[in-house]
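Below: one structure, written as structure tokens.
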Amino acid sequence: MSERQPRVTADEIIKVLKALGFEKVDQSGSHQKWKHPLTGRQTIVSYHKGEIIRPKTFKKILEGAGLTVEDFRRIRKRI
């Protein structure tokens, strides 16, 4: 049985993305596009201050960034 996904806000996700070297390259309304300059990977973060990101949305953000839930937890612990 897999572990539950953490309940996180967009701010927490953005902290992890920045720690990995992602840069914000565009924004349309509440949707921010984050891209890694070396790998070219990109992901879209729906930014609503203080709101918890839904599990499916969180999964899609991680997929775009090339991360697993465990990677996310490990990096979040370090920063």
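Here are the numbers for this structure:
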| quantity | calculated |
| --- | --- |
| Exclusive hit being touching a Gly at 6+ places or on another chain (Cβ under 7 Å) and of a type in the set (Val, Ile, Thr), set THR57, THR68, THR43 | THR43 |
| Among (1) assigned to a helix (DSSP H, G or I); (2) within 10 Å of the chain's Cα centre (by Cα); (3) farther than 19 Å from ARG76 by Cβ - the single one LYS56 does not satisfy | (2) |
| Looking only at the range 59-79, and only at residues there that are assigned to a loop (DSSP other than H, G, I, E, B) and at pLDDT 95 or above, the one that is farthest from THR39 (Cα to Cα) | THR68 |
| Selected residue (criterion: surrounded by the fewest Cβ atoms within 10 Å (Cβ to Cβ)) from residues of the range 1-24 that are free of Cβ contacts under 8 Å to residues at least 24 places away in the same chain and in contact with a strand residue (DSSP E or B) (Cβ under 7 Å, 6 or more places away or on another chain) | GLU23 |
| Members of the range 25-73 found to be farther than 15 Å from ASP11 by Cβ, in contact with a strand residue (DSSP E or B) (Cβ under 7 Å, 6 or more places away or on another chain) and small (Gly, Ala, Ser), listed by number | GLY64, ALA65 |
| Pairs, first in contact (Cβ under 8 Å) with a residue 60 or more places away in the chain in the range 46-70, second outside any loop (DSSP other than H, G, I, E, B) and crowded, with 18+ Cβ neighbours inside 10 Å, C-beta under 8 Å, six or more apart | VAL69/LEU62 |
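The values are calculated or read from the model by the stated rules, or taken from the named source; none is laboratory data. Predicted, not measured: the structure shown is a model, and the values here were computed from it. Glycine also receives a Cβ, built like all others from the backbone with ideal geometry; neighbour counts cover every protein chain displayed.
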